[in-house]
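Below: one structure, written as C-alpha cells.
Values in this text are rule-based calculations from the coordinates and carry no lab data. Everything numeric in this text was worked out from a predicted model, so none of it was measured. Reconstructed Cβ throughout: ideal geometry from the backbone, glycine too, with neighbour counts over all protein chains shown.
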Ligand SMILES: [Zn+2]
C-alpha cells in the first residue's frame with residue numbers, strides 16, 4: 001500500500017541517478033533514515049532545483065511504500081539552508097560530520113522526532129555569524145546522540161566512590177562511559193583516557209545543555225582548554241558501542 005508522508009527532513013547526501021534525477025538520503029523527523037528519488041530535479045526549470053542540497057532542512061512530501069527500498073519525493077520546500085554554516089569552513093566541517101554520523105547510525109523506520117528536533121536546534125545555533133568554538137557543537141551532538149542510542153555518559157560522579165570528583169585527572173572509561181577519580185583510579189582492563197578538570201567539567205556541562213545553551217557555554221571556554229581529546233574519547237565510545245569505525249572524513253578536510 002502506498003501512502004503519502006509529509007515530514008521535515010535534513011538532506012544528508014545526494015547522488016545523481018540519471019540525466020535529470022537524484023537519489024536523496026534524508027534524515028526525517030517521522031521515519032528516521034529514508035532514501036528517495038527526486039525525479040526531474042536536475043532540469044533547469046524544476047521547482048525542486050537547489051532545494052535538495054546537502055545540509056538543507058526541508059519539508060518533503062513523499063509517496064511511501066514500505067516494501068520499496070527507494071521512496072518518491074513529490075514535493076519539497078526549503079526551510080533552512082544554514083547559510084552562515086556554509087560561509088564558515090570549520091562550522092561546515094562540524095555540520096557535515098554530524099550528517100556523516102546520522103547517515104551511518106540512524107535506521108529506517110525509526111521514531112526519531114526527539115533526535116531530529118535536537119539536531120535541528122543544534123544546527124540553528126551553529127548557524128550564527130559569530131561561532132568561535134565550532135567543535136563544541138559536534139561534541140554536544142555526540143554526547144546527546146550517544147544518549148539517544150542508549151549508551152549515554154555517566155560523568156557526574158566517580159564510578160567507585162560515588163562522589164563528585166575532586167582529584168584530577170579523572171579516568172574516562174570508553175566501554176561503560178563512566179569516570180573514576182584520581183584517588184580511586186586503578187589500572188583497569190578497559191581502555192581509559194585521562195581528562196583534566198576543565199575537560200571533565202565541559203563534558204559534564206555538555207550533557208546538561210540544550211542547543212540554546214551552547215552560545216553562552218561557547219563564550220566561557222577557557223583558552224587553555226584542549227577539546228580535541230574529548231572528541232577522540234566520545235568517538236571511541238561511539239565506535240565501541242556501535243561496532244563501527246567512524247572516521248568523520250569531513251573533519252579531515254577542514255580542521256588544521
Ligand atoms: Zn573516586
Taking the Cβ of each residue in 106, 98 as the centre, tally the other Cβ atoms inside 10 Å and list the residues starting with the fewest.
106, 98
Can you give the Kirkwood hydrodynamic radius for the chain, in Å, rounded to one decimal and based on Cα pairs?
19.6
Could you check which residue among 119, 83, 186 shows the biggest mean-square fluctuation in a GNM of the chain with a 10 Å Cα cutoff?
186
Hey, what does the equivalent ellipsoid look like for segment 36-186, semi-axes from the Cα gyration tensor as sqrt of 5 times each eigenvalue, largest first, whole Å?
40, 20, 10
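With only alpha-carbon pairs counted, each pair once and no self-pairs, how large is the Kirkwood hydrodynamic radius of segment 2-81 in angstroms?
12.2
Would you please give the FRET efficiency between residue 53 and residue 252, computed as 1/(1 + (r/R0)^6) with r the Cβ-Cβ distance and R0 = 25 Å, to the nearest 0.05?
0.70
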Over the chain, with a Gaussian network built from C-alpha contacts below 10 Å, which listed residue (14, 97, 245) shows the highest mean-square fluctuation?
245
Contour minus Cα-Cα span, residue 225 to residue 198, at 0.36 nm per residue, comes to 9.1 nm
For the chain, modelled as a Gaussian network with Cα springs under 10 Å, which listed residue fluctuates most, 238, 138, 62?
62
Report the dimensions of segment 155-252 along its three principal axes from the alpha-carbon atoms, largest first, rounded to Å.
35, 32, 23
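If I take R0 = 30 Å and measure r between the Cβ atoms of residue 77 and residue 149 in this structure, what FRET efficiency does the formula 1/(1 + (r/R0)^6) give, to the nearest 0.05?
So the FRET efficiency works out to roughly 0.50.
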Going by alpha carbons, how many degrees (0 to 90, nearest 10) lie between the helix axis of 197-208 and the longest principal axis of the chain?
40
For a label point 7 Å from the Cα of residue 168 along Cα→C-beta, name the residues of segment 196-218 whose backbone N is under 13 Å from it.
196-205
For the chain, what does -39500 (n - 2.57) per DSSP helix run (n ≥ 4), summed and divided by total residues, give at 222 nm, in deg cm²/dmol to the nearest 500?
-10500 deg cm²/dmol
Pairwise FRET efficiency - residue 23 versus residue 66, Cβ, R0 = 22 Å, nearest 0.05
0.75
